[in-house]
Amino acid sequence: MPKIKSEKKTRVHNEVAKQGIMFNKDFGQHILKNPMVITSMVQKAALRPTDTVLEIGPGTGNMTVRLLEQSKKVIACEIDTRLVAELQKRVQGTHFQPKLQIEVGDVLKKDLPFFNVCVANVPYQISSPLVFKLLLHRPFFRCAVLMFQREFAQRLVAKPGDKLYCRLSVNTQLLARVDMLMKVGKNNFRPPPKVESSVVRIEPRNPPPPIPYSEWDGLTRIAFIRKNKTLGSSFKQAAVLATLEKNYKLHCSVHNKDVASDFSIKEKVEKILASVEAAEKRARTMDLDDFMVLLHAFNSEGIHFS
């Protein structure tokens, strides 16, 4: 009996191997082969029969078939035309065929279609841009259950003061609630990656905070230049001051305000930091509220980051 079970589990991979398909490391292709992990990810997505599911990097379709079983439609985005052919072949002639829509190409370069839920074993090299492409997508989706390299997943959920807390943490948590779901060892993939993986659930904040994301992103970019340095130190850098001065003068021009001949951007920035007692704070210990207060202080004085 165990032999039959094993054959069933690996049949698709054997078919792919027979046809000489070598997985492409440039695309981060590591096919999730453990059916238990796939089942768990699909369960955590809490799919409804009316859902349209977006899957990124479907590979040979192990996850895709499970998603098709529980949803109205699956839109699978795949960059590798060889795997697209495998996926098409896998559903051909079955009742799943009309429910599957395959989008061929680089998901980062395409407009995302409408979807309710996203489930994906994400190619690790596109992790960060993909997270923000999803979170800035409209209309809102309900949730995403995504597999990432473990350290990346830990950065997504890190809290102020944690070793891995960074700009990624604070930017993601502004736009979404992020929960760690489970760890996945490298032997659950073929070929095994060099790193361990983890699955997270991302739920967009709807409505999002009333903050222009480009402003927020510009502020955190400066604050996290050196996350262990004080903000006073980060904002003293010549390149930072030059950008803020340019933005300030543009703001004044648009609003017909005069800029004093003895205007000093350095003094203005120091005054703003002092007004919210932020000069001695360090980005690594600041939470969302701290950054919101800081952004409001700058913006209300006409200093913008985008």
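Residues in segment 200-230 that are assigned to a loop (DSSP other than H, G, I, E, B) and more than 29 Å from N116 (Cβ to Cβ): F224, I225, R226, K227, N228, K229.
Scanning segment 272-289 for residues that are in contact (Cβ under 8 Å) with a residue 24 or more places away in the chain and part of a helix (DSSP H, G or I) gives I272, L273, A283, R284, T285, L288. Candidates are the residues of segment 180-195 that are modelled with pLDDT under 95 and touching a helix residue (DSSP H, G or I) at 6+ places or on another chain (Cβ under 8 Å); the one that is least open to solvent (accessible area, probe 1.4 Å) is P193.
Return the residues of segment 234-274 that are closer than 21 Å to R221 by Cα and among the small types (G, A, S); say none if nothing qualifies. Once the filter is applied, which keeps residues that are closer than 21 Å to R221 by Cα and among the small types (G, A, S), segment 234-274 yields S234, A238, A239, A242, A274.
Mind telling me which of the residues T64, T52, T10 ends up being at pLDDT 95 or above and open to solvent by 10 Å² or more (accessible area, probe 1.4 Å)? First the steps, then the outcome.
Details: T64 fails: open to solvent by 10 Å² or more (accessible area, probe 1.4 Å); T10 fails: at pLDDT 95 or above.
Criteria check complete, one pass: T52.
It is to be established whether one or more residues within segment 167-175 are at pLDDT below 95 and either aliphatic (A, V, I, L, M) or under 13 Å from the mean Cα position of the chain (by Cα) (or both). Checked segment 167-175: no residue is at pLDDT below 95 and either aliphatic (A, V, I, L, M) or under 13 Å from the mean Cα position of the chain (by Cα) (or both). Pairing residues of segment 172-189 that are of a type in the set (F, W, Y) with residues that are in a strand (DSSP E or B), at Cβ distances under 8 Å and at least 6 apart in sequence or on separate chains, gives F189/I31; F189/L32; F189/S197. The set of residues in segment 229-279 that are among the basic types (K, R) and open to solvent by 80 Å² or more (accessible area, probe 1.4 Å) comprises K229, K236, K246, K249, K257, K266, K271.
Here are some residues: F152, F141. Which one is of a type outside the set (A, V, I, L, M) and either open to solvent by 50 Å² or more (accessible area, probe 1.4 Å) or touching a Ser or Thr at 6+ places or on another chain (Cβ under 8 Å) (or both)?
Values: F141 fails: either open to solvent by 50 Å² or more (accessible area, probe 1.4 Å) or touching a Ser or Thr at 6+ places or on another chain (Cβ under 8 Å) (or both).
Exactly one residue qualifies, and that residue is F152.
Considering only segment 194-213, state which residues are more than 22 Å from F141 (Cα to Cα) and in contact with a strand residue (DSSP E or B) (Cβ under 8 Å, 6 or more places away or on another chain). Steps first, answer last, please.
In the first step, residues of segment 194-213 are kept if they are more than 22 Å from F141 (Cα to Cα); the result is 194-197.
Those that are more than 22 Å from F141 (Cα to Cα) and in contact with a strand residue (DSSP E or B) (Cβ under 8 Å, 6 or more places away or on another chain): V195, E196, S197.
Taken over segment 280-305, the criterion of being surrounded by fewer than 17 Cβ atoms within 10 Å (Cβ to Cβ) and in contact with a strand residue (DSSP E or B) (Cβ under 8 Å, 6 or more places away or on another chain) is satisfied by E280 alone.
Any chance you could count how many residues in segment 82-129 are touching a residue at least 24 places away in the same chain (Cβ under 8 Å), in a loop (DSSP other than H, G, I, E, B) and at negative phi?
We begin by selecting, within segment 82-129, every residue touching a residue at least 24 places away in the same chain (Cβ under 8 Å); these are 82-83, 86-87, 90-91, 96, 99-108, 110, 112-128.
Among the residues that remain, those that are also in a loop (DSSP other than H, G, I, E, B) are: 96, 105-106, 110, 112-116, 122-123.
Adding the requirement that they be at negative phi leaves 96, 106, 110, 112-116, 122-123.
Within segment 82-129, residues that are touching a residue at least 24 places away in the same chain (Cβ under 8 Å), in a loop (DSSP other than H, G, I, E, B) and at negative phi number 10.
The values are calculated or read from the model by the stated rules, or taken from the named source; none is laboratory data. Since the model is a prediction, treat every value here as computed from it, not as a measurement. Every residue, glycine as well, gets a Cβ built from its backbone with ideal geometry; the counts of neighbours run over all protein chains shown. The accessibility values were calculated without ligands, DNA or RNA, using every heavy atom of the protein model including side chains. Shrake-Rupley method; radii C 1.70, N 1.55, O 1.52, S 1.80 Å.
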